[in-house]
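Rule-based calculations on the coordinates, nothing more; no lab input. Everything numeric in this text was worked out from a predicted model, so none of it was measured. When we count neighbours, we look across all protein chains shown, and the Cβ atoms used for this are built from the backbone with ideal geometry, even at glycine.
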Amino acid sequence: MTVADFSAADIKRLRDETGAGIMECKRALTEAEGSSDRAKRLLEQWGVASAAKRAGREAAQGIVEPYVHLNGQIGVLVELDSETDFVSRMPEFRELAHEIALQVAAMPGTMYVSVDEIPADEVETRKREFLEAAVKEGKPEKIAGNIAEGRFKKWAQEITLLEQPYIRDDSRTIKQLVHELAAKTRENIVVKRFARFQVGM
């Protein structure tokens, strides 16, 4: 399939939906043989790869986003950082910070930003518990290990912000939202920390 097999409108639509550059959209549509869905998946993969390359760069600018819910019953603070003040002032950056704050407000079990923050002893304890439970259920050792790993990932997803499905679109995770904006701005964007307060808890 050639570039002629999709239109400029297709490129513009893909660019609007993903925030990717024109040349990246053309390349993705070419490789995806004109399929918009496949092109989006390719752009997402490339964005994740690009975000990984940027991850080592210092993100020392940013904002603290406050959110208060239920007539003051729940409050959230989220620090979202970028490499430059220019990016941290972008409406899309502030919108992302707000959406992350909404996510934290809606998910009271969220304890960590990423899986890497879960203490090693807690990881070890949980994995052992999941393995013992699978063995007690009569699963063979090899299968029990796979089951335990799957249950650990599900548990980790529930308590870590970046791994959680986005409350407005569960086909994407919070990590993917961050990577999408990082790909668009070509900067390292980091959820630094958050705090959640709820009256009576």
Could you list, in sequence order, the residues of the range 157-184 that are in contact with a strand residue (DSSP E or B) (Cβ under 7 Å, 6 or more places away or on another chain) and within 25 Å of I22 (Cβ to Cβ)? R172, L177, V178
Taking the range 74-92 only, how many residues are crowded, with 17+ Cβ neighbours inside 10 Å and closer than 17 Å to L161 by Cβ? 7
Subset of the range 56-97 [among the small types (G, A, S), farther than 14 Å from V191 by Cβ and assigned to a strand (DSSP E or B)]: G75
Taking the conditions exactly as written (under 24 Å from V199 (Cα atoms) and touching a residue at least 24 places away in the same chain (Cβ under 8 Å)), does G62 satisfy them or not? no
Please identify the pairs in which a residue from the range 24-44 that is closer than 20 Å to R186 by Cβ has its Cβ atom under 6 Å from the Cβ atom of a residue that is basic (K, R), counting only partners at least 6 apart or on another chain. C25/R15
What number of residues within the range 144-172 satisfy the criterion of being without any contact (Cβ under 8 Å) to a residue 12 or more places away in the chain and either among the basic types (K, R) or more than 24 Å from R128 (Cα to Cα) (or both)? 7
Among G150, G145, G138, which is the only one that is out of contact with any Asp or Glu (no Cβ under 8 Å at 6 or more places or on another chain) and in a loop (DSSP other than H, G, I, E, B)? G138
Taking interchain pairs and intrachain pairs at least six residues apart, which have beta carbon atoms under 6 angstrom, with the first residue in the range 93-120 and surrounded by fewer than 17 Cβ atoms within 10 Å (Cβ to Cβ) and the second in a helix (DSSP H, G or I)? G109/E158; G109/I159; M111/I159; S114/L162; V115/A156
